[in-house]
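A short worksheet on the structure shown next.
The values are calculated or read from the model by the stated rules, or taken from the named source; none is laboratory data. None of these values were measured; they are calculated from a predicted model. So basically every Cβ, Gly included, is an ideal-geometry build from the backbone, and we count neighbours across all protein chains shown. Side chains included, ligands, DNA and RNA excluded: accessible areas come from the protein's heavy atoms. Shrake-Rupley method; radii C 1.70, N 1.55, O 1.52, S 1.80 Å.
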Amino acid sequence: DYTNHRVQKFRLSDGAFLCAFGSFGTRFPTQLKNPYGVCVDGADNIFVADTENSAVKQFRSDGTFVCVVGEPPQLFEPNGVCVTRAGSLFVTDSGHCRLVEFRSCV
């Protein structure tokens, strides 16, 4: 939910709302500023490209914050995220015009 600075989770089978997490800000790791890309790994961890905070953040499936995966100066306005079966996280770093691979939290 880009303009409301949060991620909303819905059940795929019937569209029922499950949870929302995040709020506008830059001060705390749980805060988001224009989140853009989202992906989920095999363990149901949620990765969020927090575009305007220039970071990628990892959350549990219930929205509990886990860690920051990439942040400035490593990233500048990330907007896409993808997790491979091997566990690598690929991030499109739009501000630096490149693709970055991460293997763990910062």
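Details
- All positions within the stretch 2-42 that are under 16 Å from Val69 (Cα atoms) and β-branched (Val, Ile, Thr): Thr26, Thr30, Val38, Val40
- Subset of the stretch 30-44 that is closer than 15 Å to Lys9 by Cα and without any contact (Cβ under 8 Å) to a residue 40 or more places away in the chain - its residue that is most open to solvent (accessible area, probe 1.4 Å): Asp44
- Within the option set Phe76, Phe17, Phe47, being modelled with pLDDT of 95 or more, open to solvent by 80 Å² or more (accessible area, probe 1.4 Å) and under 15 Å from Val100 (Cα atoms) holds for one residue only, Phe76.
- For Phe59, the test of being touching an Asp or Glu at 6+ places or on another chain (Cβ under 7 Å) and either of a type outside the set (Gly, Ala, Ser) or buried (at least 17 other Cβ atoms within 10 Å of the Cβ) (or both) is failed.
- Every test in (1) modelled with pLDDT under 95; (2) of a type in the set (D, E, K, R); (3) out of contact with any strand residue (DSSP E or B) (no Cβ under 6 Å at 6 or more places or on another chain) is passed by Glu71 save one, and that test is (3).
- Number of the condition not met by Ala86 [criteria: (1) more than 21 Å from Gly22 (Cα to Cα); (2) hydrophobic (A, V, I, L, M, F, W, C); (3) at pLDDT 95 or above]: (3)
- Checking each residue of the stretch 81-90 against the condition of being in contact with an Asp or Glu (Cβ under 8 Å, 6 or more places away or on another chain) and aliphatic (A, V, I, L, M) gives at least one match.
- Residue within the stretch 45-57 that is of a type outside the set (Asp, Glu), in contact with a Phe, Trp or Tyr (Cβ under 9 Å, 6 or more places away or on another chain) and farther than 28 Å from Ala86 by Cβ present: no
- Number of residues in the stretch 1-14 that are loosely packed, with under 14 Cβ neighbours inside 10 Å and among the charged types (D, E, K, R): the value is 3.
- Criterion violated by Thr26 - all others in (1) of a type in the set (Val, Ile, Thr); (2) part of a strand (DSSP E or B); (3) under 18 Å from His5 (Cα atoms) satisfied: (2)
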